[in-house]
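The values are calculated or read from the model by the stated rules, or taken from the named source; none is laboratory data. Note that the structure is a prediction, hence the values are computed from the model and not measured. With ideal geometry, Cβ positions are generated from the backbone for all residues, glycine too; neighbour counts draw on all protein chains shown. Ligands, DNA and RNA are stripped out before the accessible areas are found, and what is left, the full protein with its side chains, is counted by its heavy atoms. Shrake-Rupley method; radii C 1.70, N 1.55, O 1.52, S 1.80 Å.
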Amino acid sequence: MNDLSQASLNAFQLLISGNTDIWEIISLSFSVSFSAILIATPFALIIAFCLAFFQFKLRRACIALFNTFMSVPAVIIGLTLYLLLSRSGPLGDLRLLFTHKAMIIGQILLCFPLLVAMAHATFQAADRRAWETAITLGAKPWRAFFTLVYEVRFGLIAAIVAGFGRVIAEIGCSMMVGGNILHSTRNIPTAIALETSKGEFAQGIALGIVLLVLSLSLNAGVSVFQGKGELQQ
Amino acid sequence: MTDLIDLNNIHLTLADKAVLNIKSISIPAHQCTLITGRNGSGKTTLFKVISGLLKPNRATIEYQGLTLPWKKAKPILQKDFIYLHQNPYLFDDTVLNNIAYGLYRAGESKAVAHQKVMQALDWANLSHLAHRSAKQLSGGEKQRVALTRARILSPRLLLLDEPTASMDTDAKQQTSELLQRLKSEGVSILICSHETHTIDHIADHFLHLENGELTPASSSKRTSNVTVLNPSKKSI
Ligand SMILES: Nc1ncnc2c1ncn2[C@@H]1O[C@H](COP(=O)(O)OP(=O)(O)OP(=O)(O)O)[C@@H](O)[C@H]1O
Ligand SMILES: [Mg+2]
């Protein structure tokens with residue numbers, strides 16, 4: 001117990017003193033996860049919109065597919081990507097394994113189905129009149145799409161935050177395709193796993209605090225934001 | 001009397017049910033046509049087809065000397081006609097920006113758009129609402145804002161879906177005055193409704209829709225008087 005409180009104290013000291021290793025790990029985590037979300041979101045929104053607003057063959061199958069893929073474990077995505085990117089794999093020539101980029105690709109794959117599914121639910125619940133009104137007032141389809149995105153922004157932001165929450169905290173995929181290399185591909189979850197296994201609790205706890213505070217504040221933020229959306233109805 | 005647009009052989013099936021089956025419908029220019037029909041007769045569906053928002057299985061359009069299949073005519077219909085929902089949708093923004101929406105889409109600058117919006121609001125006696133959040137307006141106010149938002153774009157045809165449903169007498173009166181003024185400005189108007197008495201005096205032509213088929217209205221020009229004298233006709 002004494003050890004633990006000592007470690008927690010050390011953890012706070014590490015964070016406050018601006019320990020470069022720790023802050024490097026934190027910033028890497030953020031840059032990877034932000035990049036993944038930033039790249040995945042536009043495509044996910046367009047697909048979700050098409051699934052909600054247009055009738056076409058295989059529409060139902062597509063929706064079911066994305067809902068199913070949402071539950072694929074991170075480590076399976078990591079394994080698949082590892083096999084694809086490894087030297088002898090079909091994409092081995094790209095030399096992406098154990099790089100920043102590989103981690104971003106992994107996280108994109110991880111959050112994409114979740115983004116599509118949640119954004120689809122949001123567009124599905126959106127008012128069809130919003131789209132029709134934009135079109136009849138002379139908006140081109142692209143413009144009408146952005147108008148609709150703005151109208152349902154609360155739901156979409158909740159989807160994006162949920163996607164970010166999933167990738168910032170996942171460990172399986174980052175570990176497999178990133179390799180947990182210090183100063184290169186070590187992010188918060190892989191660092192926590194490593195430090196804890198080495199018995200270096202202070203660093204593990206410090207990073208754990210950052211992750212926890214982040215998750216809690218994101219969720220709180222979404223609740224407040226969604227509440228605001230409801231009040232306006 | 002010239003026709004603004006003629007639509008022929010409109011067929012539309014939704015969920016295996018024939019919703020529209022119309023041989024021919026002509027909408028006269030610069031006049032007001034009232035389409036009556038009971039709930040579910042296909043009024044809303046027909047309006048969406050005419051305004052280019054809903055794809056029919058089949059339909060040919062005669063418009064501005066051209067005869068086109070609906071699919072080819074769609075962009076023209078969307079551009080020239082404006083459809084107003086039964087409960088109009090206002091964007092989550094100020095009344096001013098709602099009315100300016102179409103002007104922005106047409107490439108107007110912000111300054112010019114705002115000036116036009118202010119004039120339009122003045123026209124509709126709605127100036128006091130300019131900076132209000134559109135989502136907070138009452139149903140009647142929303143209807144009149146939506147009407148102003150449509151008028152400012154000078155559409156060739158305005159399609160109004162039950163413009164006075166769920167309005168009190170005052171709001172009905174105000175809306176009907178706005179419609180009267182639109183008509184006198186030369187805008188072609190198509191209205192549908194299942195209650196005729198508030199709009200009767202604006203309409204020049206009457207059509208009746210039954211189970212997706214157009215039947216000739218009892219007379220081409222009915223007056224409010226006739227409706228009152230003959231109550232049985234009122235319950236269409
Ligand atoms: N998306 C849809 N799928 C299946 N059927 C539909 C769909 N939209 C409308 N319908 C059917 O088409 C018919 C006509 O509907 P429509 O909304 O055009 O009627 P309406 O005359 O506008 O009725 P109301 O006076 O109640 O507004 C109805 O029987 C309705 O159930
Ligand atoms: Mg209707």
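Laid out as a table, the results:
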| item | result |
| --- | --- |
| Linear extension gain, A:Arg143 paired with A:Asn219, 0.36 nm per residue minus alpha-carbon span | 24.3 nm |
| Efficiency of FRET between B:Lys116 and B:Asp168 - r from beta-carbon atoms, R0 41 angstrom, step 0.05 | 0.85 |
| Residues of the range B:186-202 with amide N under 16 Å of the 7 Å Cα→Cβ point at B:Gln64 | B:188 |
| Signed unit charges on C-beta, dipole axis of chain B, positive-most listed residue B:His194, B:Cys32, B:Ile99 | B:Ile99 |
| Pairwise label distance in nanometres, A:Arg95 with B:Asp93, each label 7 Å out on the Cα-Cβ vector | 4.9 nm |
| Considering only the protein assembly as shown, percent of DSSP beta bridges that pair antiparallel, nearest 5 | 55 percent |
| Radius 12 Å from Cβ of A:Leu14, net charge of other residues (Lys, Arg +1; Asp, Glu -1) | -3 |
| Full-extension gain in nm, A:Leu194 to A:Glu24, via 0.36 nm per residue minus C-alpha separation | 59.6 nm |
| Sequence-separation-based contact order of the range B:1-115, relative, with Cα cut under 8 Å and 6+ spacing, percent | 22 percent |
| Computed label-point distance, nm, for sites A:Phe12 and A:Ile39 using a 7 Å Cα→Cβ extension | 4.0 nm |
| Threshold 20 Å², the range B:91-117 residues less accessible with all protein chains present than alone (1.4 Å probe) | B:Phe91, B:Asp92, B:Tyr101, B:Arg105 |
| Positions from the range A:108-134 whose accessible area shrinks by 50 Å² or more when the full protein complex is built, not the chain alone, probe 1.4 Å | A:Arg129, A:Glu132, A:Thr133 |
| Simple Cβ-charge dipole of chain B, Lys/Arg +1 and Asp/Glu -1, about Cα centre, in debye nearest 20 | 440 debye |
| The protein assembly as shown, accessible surface, carbon-and-sulfur percent (1.4 angstrom probe) | 59 percent |
| Angle between chain B longest axis and helix B:95-105 axis [Cα atoms, degrees, rounded to 10] | 70 degrees |
| Residue-normalised accessible area of chain B, given per residue in Å² at a 1.4 Å probe | 46 Å² |
| Estimated dipole of the protein assembly as shown in Debye, rounded to 20 [Cβ of Lys and Arg +1, of Asp and Glu -1, Cα centre] | 1180 debye |
| Interface size A-B, as summed buried accessible area [1.4 Å probe, Å², nearest 100] | 1700 Å² |
| Gained length - A:Arg153 relative to A:Cys62, 0.36 nm times residue gap less alpha-carbon distance | 30.4 nm |
| Estimated dipole of chain A in Debye, rounded to 20 [Cβ of Lys and Arg +1, of Asp and Glu -1, Cα centre] | 920 debye |
| Percentage relative contact order, chain B, counting C-alpha pairs under 8 Å, at least six apart | 28 percent |
| Mean accessible surface per residue for the range A:18-232, computed with a 1.4 Å probe while every protein chain stays in place, in Å² | 48 Å² |
| The range A:1-118 - Kirkwood radius from inverse mean 1/r over Cα pairs (Å) | 17.2 Å |
| Tensor-based shape of chain A (alpha-carbon gyration tensor, a/c under 1.5 rounded, otherwise prolate or oblate) | oblate |
| Relative contact order of the range A:8-156, defined on C-alpha pairs under 8 angstrom at six or more residues apart (%) | 28 percent |
